[in-house]
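Worksheet for the structure shown next.
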Amino acid sequence: MWLSSVFLKTLRDYRIPIFGWGIGMGLVVVSPMASVATLVTTPQARAQLASLAATFAWNADVVAVDTIGGYATFKIGIFIFLIAVWPLLAASRLLRGDEETGTLDVLLSVPRPRLRVALEKVAAMWTALLAMGLLIGLIVFAGGQKFGADFGLGDGLLFGLNLALICAVIGGLALLISQFTQERGTAAGWTAGLLLIFIVLDMVHRVVANSEWISRLSPLYYYNQTKALVPGYGVNVGGMLLLLALTLILSGAALWLFVRRDVGGTVSVPRWLRLPEHSASQALPVRDLSLRSVYARGIGVIALPTLWWTLGIAGFAGWMVFAVQQMASRLSSLLASSPAAMNLIKNIGGGSASFEAGFLSAIFVLLPLLLMAFAVTQVNGWTADEQDGRLELVLAAPQRRLGVLLARFAALASSTVFIGVVTLLAAAGAAIITGVRVDSGNLAAATLGIIPLGLLVAAIGYLAAGWLRTAADTGLLSFLLLIWFFISFIGPELQLPDATLRLSPFYYYGSPLLHGLAFTSVVGLVAVAAVALGLGALRFVRKDIGV
């Protein structure tokens, strides 16, 4: 049955992400509900929680945080957009990936219109997102009933539907961009960069006064207009309809362009937007720098995604330094009058220090998460090369398997180091311009300390690639990030034992902006990454390619 149509076959391929992301993200939303009851035991505690939440308004709108649904919505904040990683990757390879592998040529050789094939694939992705939203809504409702929330089944389902809509917008954007790129990885990189920009734009009105018009440029702003779990706030129908319209426009434009271009080609753009054209030559590009070694070729392949991720991560670090400076006076007065606020800054930021450094430390915990997400997207390229047969061409030359794997990993490692260094320069420059006081050595530790975490994710991805295909490998890494996020950012509120907290690599990142990096933690992360890479290399040199 599952192979009787393109729609069912594509939906079948999404069955693992549906359950993995649906259940995983549902549990992430439910987890803060378990701790909110202990935070609102008295009217004074409720007022204190509300005033404290206002200091973290950059994360989410502060609405009814003294209720179970309101606190869960606020606590998850921008982290909910982790789920957008899946539609970003799925949509970028939905058509372009099949074109790269030649699968689409075979599929279109049967008497079936090109538009119908594309429509069935897009419909399958939308159905998968709706299924994820349904699972998330049901789990959130069940959790709310367990912990005494005052929202119903319909509210939970509307929460899931709203999340599915914003994911569909990101997926539609990736699908549209893939019509202009030769490779799916390039489309995914561009879309990921735009997603980071959307997150920052949505933050602006919560940090800078009279700037809501800027945030309206981000589709995430309209997602946040609906707070189905917040009593008395409910659904913004206009916002949800706008997200639906954006999904239809972006996806419709992508399909319109797809049916009018050559399979394997790209959409023609105006001459002034084209890159400089090189004269055709019959000679092989033997002197091309990117072809002189596997490492150089690896650098050439990931150069553009690295550029966009660097701009996004470094720009985010600089923006958060600016945000801390903007909120400094208001937060300082609150900390002076609220011991609970001071304790929260210590718990999240990592200890006592200047207010600016402590608050910035609480925000900088996002940096390793972003770099690890970059590593997930780039490991996808390694598994795709093997799955699509490109690796066979490389190994047909006198190249050792171990050397090929290590060279490709070294290229990815070089990119992570580059991102870390540029992020350091951006954060240091922003601190100098805004006058935010941070220790330069600790700032270097906070920005360069994200590199071992990126390498760890990359090494685990190379290990998993020995057994899993592209989609499964990416799904596994994304799910690991979700679990680690849950353990480190939600686990302390659930009072998880220290042994469980140590299972997350975020635990070993600590709070370097305040205390520097622990040498043993860095060595431990690098050692685990080395072991994972070693096992992955052992598997790669002994297995059949493509198996």
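The values are calculated or read from the model by the stated rules, or taken from the named source; none is laboratory data. On a predicted model such as this, the values are computed, not experimentally measured, just so you know. Ideal geometry is used to build each Cβ from the backbone, glycine not excepted, and the neighbour counts take in all protein chains shown. Ligands, DNA and RNA are excluded from the accessible area calculation, which covers all protein heavy atoms including side chains. Shrake-Rupley method; radii C 1.70, N 1.55, O 1.52, S 1.80 Å.
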Filtered residues of the stretch 144-168 (kept if within 17 Å of Ile80 (Cα to Cα) and either among the small types (Gly, Ala, Ser) or open to solvent by less than 10 Å² (accessible area, probe 1.4 Å) (or both)): Gly156, Gly160, Asn162, Leu163, Ala164, Ile166, Cys167, Ala168
Helices (runs of 4 or more DSSP H) contained entirely in the stretch 174-266, each with at least 1 residues that are under 20 Å from Asn162 (Cα atoms) and open to solvent by 10 Å² or more (accessible area, probe 1.4 Å): 184-207, 219-223, 237-258
The listed residue being in contact (Cβ under 8 Å) with a residue 60 or more places away in the chain, surrounded by 22 or more Cβ atoms within 10 Å (Cβ to Cβ) and within 23 Å of Trp309 (Cα to Cα), out of Gly429, Gly461: Gly461
Residue identified as without any contact (Cβ under 8 Å) to a residue 24 or more places away in the chain and among the aliphatic types (A, V, I, L, M) among Leu194, Leu130: Leu194
Test: residue in the stretch 42-51 that is open to solvent by 30 Å² or more (accessible area, probe 1.4 Å), among the charged types (D, E, K, R), outside any loop (DSSP other than H, G, I, E, B) and at pLDDT 80 or above: no
Enumeration of residues in the stretch 209-233 that are of a type outside the set (Lys, Arg), free of Cβ contacts under 8 Å to residues at least 60 places away in the same chain and either touching a His at 6+ places or on another chain (Cβ under 7 Å) or closer than 21 Å to Phe79 by Cα (or both): Ser211, Glu212, Ile214, Ser215, Leu217, Ser218, Pro219, Tyr221, Tyr222, Gln225
Residue list for the stretch 74-107, filter: crowded, with 24+ Cβ neighbours inside 10 Å and hydroxyl-bearing (Ser, Thr, Tyr): Ser92
Residue ID - modelled with the highest pLDDT, chosen from residues in the stretch 302-341 that are within 27 Å of Gln399 (Cβ to Cβ) and surrounded by fewer than 21 Cβ atoms within 10 Å (Cβ to Cβ): Ala303
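Go through the stretch 95-138 residue by residue and tally those that are closer than 28 Å to Met25 by Cα and among the basic types (Lys, Arg). Talk me through it step by step, then tell me what you get.
In the first step, residues of the stretch 95-138 are kept if they are closer than 28 Å to Met25 by Cα; the result is 95-97, 119-138.
Now narrow it down to the ones that are among the basic types (Lys, Arg): 96, 121.
Of the residues in that region, 2 qualify.
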Selection status of Ala57, aliphatic (A, V, I, L, M) and either outside any helix (DSSP H, G or I) or modelled with pLDDT of 85 or more (or both): yes
Which listed residue is open to solvent by 70 Å² or more (accessible area, probe 1.4 Å), of a type in the set (A, V, I, L, M, F, W, C) and either under 30 Å from Glu392 (Cβ atoms) or at pLDDT below 85 (or both), from Leu480, Leu503, Leu535: Leu535
Where a residue in the stretch 58-86 is without any contact (Cβ under 8 Å) to a residue 24 or more places away in the chain and its partner, wherever it lies, is open to solvent by 30 Å² or more (accessible area, probe 1.4 Å) and in a helix (DSSP H, G or I), with Cβ under 8 Å and at least six apart: Val62/Ala50; Val62/Ala54; Val65/Ala50
Only listed residue being at pLDDT below 90 and either outside any loop (DSSP other than H, G, I, E, B) or hydrophobic (A, V, I, L, M, F, W, C) (or both), chosen from Ala168, Ala142, Ala149: Ala149
Single condition Ala118 does not satisfy, out of (1) surrounded by fewer than 24 Cβ atoms within 10 Å (Cβ to Cβ); (2) under 29 Å from Thr67 (Cα atoms): (2)
Test: residue in the stretch 63-73 that is modelled with pLDDT of 85 or more, open to solvent by 60 Å² or more (accessible area, probe 1.4 Å) and not acidic (Asp, Glu): no
Any hit, the stretch 95-103, residues being more than 21 Å from Asp388 (Cα to Cα) and at pLDDT 85 or above: no
